[in-house]
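Worksheet for the structure shown next.
The values are calculated or read from the model by the stated rules, or taken from the named source; none is laboratory data. Values in this document were obtained by computation on a predicted structure and should not be read as measured data. As a convention, Cβ positions derive from the backbone with ideal geometry for all residues, glycine included, and neighbour counts pool all protein chains shown.
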Amino acid sequence: MEGYPTPEINYLRMSVTDRCNLRCFYCTYWQDWEKLAAAEILRYEELLRIAGVAARLGIRKIRITGGEPLVRRGLPKFIRSLRRIPGIDEICLTTNGTLLAELAPALFEAGLRRLNVSLDTLIPGRYLQITGRDNLADVLRGLECAAALGFHSIKINCVVLKGINDDELLDLALLARDHPLQVRFIELMPTASPREWKRRFLPAAEVRRRLRALGELAEMASSVTSGPARIFKVQGFVGEVGFISPMSEHRCGSCNRLRLTAQGRLRPCLLAEDEIDIKEAMRRGCADPELASLFREAMQSKHRGGASAGESRAAAHPSMAAIGG
């Protein structure tokens, strides 16, 4: 069909809020941060309509992000409704885990099974240094609760920070030795402070080199809806380790994702400034075919020229809390 999106674009990251209950120093200039007015954030009904249109255009996987999505009320009910949309095969949630122990039962009952939990350190004082909050015990309790309930895909997202947590790389990876976890090491991006990024950036190749102390890393094949992570198996491990390298080894040509911000702007690429205002079109009364055409525009422009994962491009972007991570 003419204008039909390329099949590889099948994954939508959907931010439901710009609010967060942590203050990770690498995410945002928090001292200058102003949260969106409630009326500026997409309503659940609007998000469901967008998901339905996206599914008809080939989107098969939706990841719910924030900010911190668990701070938004009514999220389990929204997930239950999202699961009813024909064509959506995977629904995932990325969370900082601080509220997970409290909300995991409702999320599980709503049908969610896939979780990504942010965890940059296993040391309480260091967690406070990175996040500005003393919630490490809450995160660990949330992980235990999710595992006990039966969430069958739990991934740990660790942002690698040279001179802060890079001495914990082996300890963090070992979480996957005895548990069916996927521990993913993510390169730091200069979205909050380019100067701090220069001090703290450690490339994925160096992380992999250090992790070879665990044994040989055997790369695994990716599924058609996988994100940017390269996943490896270590002999004797129940789980896996992975690497996300947007700065040193970006994979723009194979990227299959679009991003929808909480403000209702569709971004073909995290590292590009192009946005399409979906919310404005919806609130002036556009019909679904017009909404679909906006999605097609984003899909068709996604690989046009490609994004260069350079410091100058990333440094000009809004905060990760505003974009949706």
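So, in the stretch 179-225, of the ones that are of a type in the set (D, E) and outside any helix (DSSP H, G or I), which residue ends up nearest to F237 (Cα to Cα)?
We begin by selecting, within the stretch 179-225, every residue of a type in the set (D, E); these are 187, 196, 206, 216, 219.
Checking which are outside any helix (DSSP H, G or I) leaves us with 187, 216, 219.
Values: E187: 23, E216: 11, E219: 14 Å.
Looking at the filtered set, the residue picked out is E216.
Please tell me if R126 is of a type in the set (K, R) and within 21 Å of the chain's Cα centre (by Cα). Considered against the rule, which asks whether it is of a type in the set (K, R) and within 21 Å of the chain's Cα centre (by Cα), R126 comes out as no.
Within the stretch 87-94, not a single residue is crowded, with 20+ Cβ neighbours inside 10 Å, at positive phi and modelled with pLDDT of 95 or more. Please verify whether the stretch 149-166 includes one or more residues that are closer than 17 Å to G97 by Cα, surrounded by fewer than 16 Cβ atoms within 10 Å (Cβ to Cβ), of a type outside the set (K, R) and modelled with pLDDT of 95 or more. Taking every residue of the stretch 149-166 in turn, at least one turns out to be closer than 17 Å to G97 by Cα, surrounded by fewer than 16 Cβ atoms within 10 Å (Cβ to Cβ), of a type outside the set (K, R) and modelled with pLDDT of 95 or more. Among the residues of the stretch 123-148, those identified as loosely packed, with under 15 Cβ neighbours inside 10 Å and of a type in the set (A, V, I, L, M) are L128, A137, A148.
Tell me, which residue of the stretch 70-82 that is under 19 Å from the mean Cα position of the chain (by Cα) and more than 15 Å from D138 (Cα to Cα) is surrounded by the fewest Cβ atoms within 10 Å (Cβ to Cβ)? Write out each step before concluding.
Here is the first cut: in the stretch 70-82, the ones under 19 Å from the mean Cα position of the chain (by Cα) are 70-72, 75-76, 78-79, 82.
Those left that are additionally more than 15 Å from D138 (Cα to Cα): 72, 75-76, 78-79, 82.
Numbers: R72: 17, L75: 23, P76: 19, F78: 20, I79: 20, L82: 22.
This residue is R72.
Residues that are under 14 Å from the mean Cα position of the chain (by Cα) and either outside any loop (DSSP other than H, G, I, E, B) or over 24 Å from D171 (Cα atoms) (or both) within the stretch 226-241 comprise S226, G227, listed in sequence order.
Taking residues in the stretch 204-228 that are touching a residue at least 12 places away in the same chain (Cβ under 8 Å) and within 25 Å of C92 (Cβ to Cβ), and partners anywhere that are of a type in the set (A, V, I, L, M, F, W, C) and surrounded by fewer than 13 Cβ atoms within 10 Å (Cβ to Cβ), the pairs with Cβ atoms closer than 9 Å and at least 6 places apart or on different chains are L211/L170.
The rows are residues; the columns are (1) without any contact (Cβ under 8 Å) to a residue 24 or more places away in the chain; (2) surrounded by fewer than 22 Cβ atoms within 10 Å (Cβ to Cβ); (3) part of a helix (DSSP H, G or I).
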{"position": "F243", "(1), (2), (3)": "no, no, no"}
{"position": "Q263", "(1), (2), (3)": "no, yes, no"}
{"position": "L270", "(1), (2), (3)": "no, no, no"}
{"position": "G285", "(1), (2), (3)": "yes, yes, no"}
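If you check R23, R56, which single one turns out to be at pLDDT below 95, in contact with a Gly (Cβ under 9 Å, 6 or more places away or on another chain), basic (K, R) and surrounded by fewer than 22 Cβ atoms within 10 Å (Cβ to Cβ)? Don't jump to the end; show me each part of the working.
Working: R56 fails: at pLDDT below 95.
Just a single option satisfies the conditions, and that option is R23.
Among the residues examined, R195 does not qualify as touching a strand residue (DSSP E or B) at 6+ places or on another chain (Cβ under 8 Å), over 23 Å from G58 (Cα atoms) and surrounded by fewer than 20 Cβ atoms within 10 Å (Cβ to Cβ). Cβ-Cβ distances below 6 Å connect the following pairs, each with a first residue in the stretch 161-179 that is closer than 26 Å to A146 by Cβ, a second residue that is of a type in the set (D, E, K, R) and part of a helix (DSSP H, G or I), and a separation of six or more residues or different chains: L161/R200; L169/R210. Within the stretch 198-219, the residues that satisfy the criterion of being surrounded by fewer than 14 Cβ atoms within 10 Å (Cβ to Cβ) and closer than 18 Å to L174 by Cα are R209, R212, A213, G215, E216, A218, E219.
Within the option set V224, V234, being closer than 20 Å to K155 by Cβ, touching a Gly at 6+ places or on another chain (Cβ under 8 Å) and surrounded by fewer than 21 Cβ atoms within 10 Å (Cβ to Cβ) holds for one residue only, V234.
Looking across the stretch 34-47, the residues that are of a type outside the set (S, T, Y) and in contact with a Lys or Arg (Cβ under 9 Å, 6 or more places away or on another chain) come down to K35, L36, E40, I41, L42, E46.
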